[in-house]
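The values are calculated or read from the model by the stated rules, or taken from the named source; none is laboratory data. Since we're looking at a predicted model, the values are computed, not measured. Virtual Cβ from ideal backbone geometry, glycine too; neighbours counted across all protein chains shown. All accessible areas refer to the heavy atoms of the entire protein, side chains included, with ligands and DNA or RNA removed. Shrake-Rupley method; radii C 1.70, N 1.55, O 1.52, S 1.80 Å.
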Amino acid sequence: MTMPTTVPARGNDAAERLAELADVTASDSALRRFLHGLPGVDAVGLEARAAALGTRSIKAQAKAYAIDLAISMIDLTTLEGADTPAKVRALAAKAVHPDPTDRGTPHTAAVCVYPDMVATAKAALAGTDVKVASVATAFPAGRAALPVKLADTRDAIAAGADEIDMVIDRGAFLAGRYLDVYEEIAAVRAECGDRARLKVIFETGELSTYDNIRRASWIGMLAGADFIKTSTGKVAVNATPANTLLMLEAVRDFRAQTGVQVGVKPAGGIRTTKDAIKFLVLVNETVGEEWLDSTWFRFGASSLLNDLLMQRQKLSTGRYSGPDYVTVD
């Protein structure tokens with residue numbers, strides 16, 4: 001499964017329906033009224049549904065399909081201060097051929113790196129369908145002035161980034177400055193233009209409540225996000241089935257109202273095949289098969305791929321290979 005070579009276009013009908021929501025972002029008070037007018041989240045019901053869907057079991061043939069699908073949805077990620085060009089090149093090679101002994105293994109969706117490593121990743125992935133994603137906008141805290149964030153984005157795109165993963169200003173959001181958050185996302189969206197898809201990271205573990213996650217989701221979508229993303233992977237609470245389910249419900253409702261489809265990316269803490277399959281079930285049961293594609297659903301992960309490869313070999317050979325079967329990231 002490959003990503004499209006161009007950014008999915010928003011049709012005229014969708015543009016007209018989005019225009020109907022223009023008044024929502026006309027002022028801070030209008031946006032506040034809209035966001036606080038969204039239905040409140042039933043936390044108990046949300047967590048119960050997520051837990052129930054997580055108990056679904058799938059048979060061997062479906063599991064093999066799910067494993068390959070999950071591999072194709074991974075943004076293989078390295079975001080460490082100790083990243084080197086050699087490490088990024090090795091990660092790129094793994095993204096293209098996750099299992100060198102089985103060329104039937106799908107490639108990952110993207111390699112995600114810091115902006116200064118984009119050129120290295122782009123060169124290593126030349127001639128392949130694997131995208132280069134770059135975190136930007138003062139990742140992971142997002143504590144920088146807007147011109148700095150836009151320059152960060154511009155530099156990453158100039159170096160070859162196909163996708164930008166930006167972080168919102170959680171301080172502004174939690175202080176109730178919703179329009180500031182909206183305008184910052186919209187400015188980064190404009191900087192991306194048609195050159196890069198934009199993933200907007202909320203850092204759900206810092207937003208405190210499910211109602212806040214729903215409101216952040218709508219701000220991101222109204223501002224033009226191509227994806228909404230749970231987390232940076234740099235805090236204690238990252239992607240969970242419940243917060244991902246809530247975001248899936250948000251993109252479902254947004255498309256019903258506007259005609260615009262937005263992707264979802266849970267990131268951080270998803271380490272096993274069992275975990276990944278739970279998330280795929282959430283997608284299938286909440287938004288349907290149209291989102292079961294790397295164009296619209298991603299896993300932000302570094303260690304998940306290794307477990308998927310070991311489980312894939314188990315289905316193929318009937319035995320576990322052991323952790324030394326796969327490269328250590």
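Under the condition of being among the aliphatic types (A, V, I, L, M) and in a loop (DSSP other than H, G, I, E, B), which residue from the stretch 154-202 is surrounded by the fewest Cβ atoms within 10 Å (Cβ to Cβ)?
If we take residues in the stretch 154-202 being among the aliphatic types (A, V, I, L, M) and in a loop (DSSP other than H, G, I, E, B), then Ala175 is surrounded by the fewest Cβ atoms within 10 Å (Cβ to Cβ).
Within the stretch 214-230, take every residue that is in a helix (DSSP H, G or I) and open to solvent by 10 Å² or more (accessible area, probe 1.4 Å) and give me the one that is farthest from Gly268 (Cα to Cα).
Checked the stretch 214-230; the qualifying residue farthest from Gly268 (Cα to Cα) is Leu222.
For residues in the stretch 231-263 being more than 16 Å from Arg49 (Cβ to Cβ) and under 11 Å from the mean Cα position of the chain (by Cα), which is surrounded by the fewest Cβ atoms within 10 Å (Cβ to Cβ)?
Only one residue tops the list, namely Gly263.
Residues being of a type in the set (A, V, I, L, M) and open to solvent by 60 Å² or more (accessible area, probe 1.4 Å): count how many of those fall in the stretch 30-44.
1
Looking only at residues that are in a helix (DSSP H, G or I) and hydroxyl-bearing (Ser, Thr, Tyr) in the stretch 43-92, which one is modelled with the highest pLDDT?
Per the stated criteria, the residue is Ser72.
What pairs can you find where one residue is in the stretch 177-198 and closer than 17 Å to Val132 by Cβ and without any contact (Cβ under 8 Å) to a residue 40 or more places away in the chain, the other is open to solvent by 30 Å² or more (accessible area, probe 1.4 Å) and in a helix (DSSP H, G or I), and their Cβ atoms are less than 7 Å apart, with a gap of 6+ or different chains?
Going by the 7 Å Cβ cut-off, the qualifying pairs are Leu198/Arg189.
What are the residue pairs meeting all of these: first residue in the stretch 155-173, first residue on the phi > 0 side of the Ramachandran plot, second residue basic (Lys, Arg), Cβ atoms under 6 Å, and 6 or more apart or on different chains?
Note: pairs meeting the criteria are Gly160/Lys122.
Exactly one of these conditions fails for Glu47: (1) acidic (Asp, Glu); (2) within 30 Å of Thr105 (Cα to Cα); (3) open to solvent by 60 Å² or more (accessible area, probe 1.4 Å). Give me its number.
Checking Glu47 against (1) acidic (Asp, Glu); (2) within 30 Å of Thr105 (Cα to Cα); (3) open to solvent by 60 Å² or more (accessible area, probe 1.4 Å), the one that fails is (2).
List every residue pair whose Cβ atoms sit under 6 Å apart, with the two residues 6 or more apart in sequence or on different chains, where the first one lies in the stretch 252-270 and is under 22 Å from Thr204 (Cα atoms) and the second, anywhere, is charged (D, E, K, R) and crowded, with 21+ Cβ neighbours inside 10 Å.
Final answer for the pair search is Lys265/Lys199; Lys265/Lys229; Lys265/Arg298; Ala267/Lys229.
State all residues of the stretch 48-75 that are closer than 30 Å to Asn212 by Cβ and under 21 Å from the mean Cα position of the chain (by Cα); if no residue qualifies, say none.
Listed by number, the residues that qualify are Ala50, Leu53, Gly54, Ala70, Met73, Ile74, Asp75.
Please name all residue pairs, on different chains or six or more residues apart, with Cβ atoms under 7 Å, provided the first residue is in the stretch 40-65 and is closer than 13 Å to Thr240 by Cβ and the second residue is open to solvent by less than 60 Å² (accessible area, probe 1.4 Å) and among the β-branched types (Val, Ile, Thr).
These pairs meet every condition: Leu53/Val281.
Considering only residues that are part of a helix (DSSP H, G or I) and open to solvent by less than 10 Å² (accessible area, probe 1.4 Å), which ones fall in the stretch 280-311?
Scanning the stretch 280-311 gives Leu282, Val283, Trp291, Leu304, Leu305, Leu308, Leu309.
So, in the stretch 115-141, of the ones that are in contact with a Ser or Thr (Cβ under 7 Å, 6 or more places away or on another chain) and surrounded by fewer than 19 Cβ atoms within 10 Å (Cβ to Cβ), which residue ends up modelled with the lowest pLDDT?
Only one residue fits best here, namely Pro140.
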